[in-house]
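Read-outs: derived from the displayed coordinates by stated rules, not from any lab. Not measured: the values here are computed from a predicted model. Cβ placement follows ideal geometry from the backbone for every residue including glycine, while neighbour counts extend to all protein chains displayed.
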Amino acid sequence: MWPLLILLALWLGTVGLGRAELTAAQHQGLQVALEEFHKHPRVQWAFQKTSMDSATDTPSEAGTFVRLEFMLQQTGCWKKDWKKAECKVKPSGRKRKCLACIMLGPESQVLGRMVHCPIETQAQQEPKEQQEARCSRVQQAHEGPHRYYFPGQFAFLQHPGSG
């Protein structure tokens, strides 16, 4: 049994499922999410990412949609210092479970964002469907036929009496 588990672990490592590396779009989405979180007026302390539960990016004609689920924990620093390396996680600090949905344009500009980071105990009380609906609105806001207009898509008729 152990040799099979070892082989499975080695295989997972080679296909990349064992790694926690983020793509460039996912990393940019995480930075946008952290900036958005620390802008919130109720946040007084700096928080630091402690784990990444899931990270996906989906390319589309409008850009790249990034969906992240991660944990934050309070540090000993004020929120204005959240980027400083010396801000260490407090062992008894508050924890937050975050869902971030970011739509990045073709040149990596931020087209839309939704960052929701309730306190860990509140995260279980909120309906998952509500969060997912907000997330999909960010993705769909910049996709679809209303996004681009092509020549000939609209016809304009001139009334014979005007002009």
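Peptides 127-134, 42-49, 107-114, 60-67 ranked from most to least packed give 60-67, 42-49, 107-114, 127-134, packing being the mean of other C-beta atoms within 10 angstrom over each peptide's residues. Were the residues from Ser92 through Gln31 laid out at 0.36 nm apart, the gain over their Cα-Cα distance would be 19.5 nm. Mean projected area of the convex hull spanned by the Cα atoms of segment 52-132, taken over all viewing directions: 6.7 nm². Near Ala46, the amide H atoms lying under 5 Å from its own belong to Thr75, Cys77, Trp78, Lys79; only residues 5 or more places off or on other chains count, and H is placed 1.01 Å from N. What is the sum of charges around Lys95, taking Lys and Arg as +1, Asp and Glu as -1, for the other residues whose C-beta is under 13 Å from the C-beta of Lys95? Every neighbour counted, the sum reads +3.
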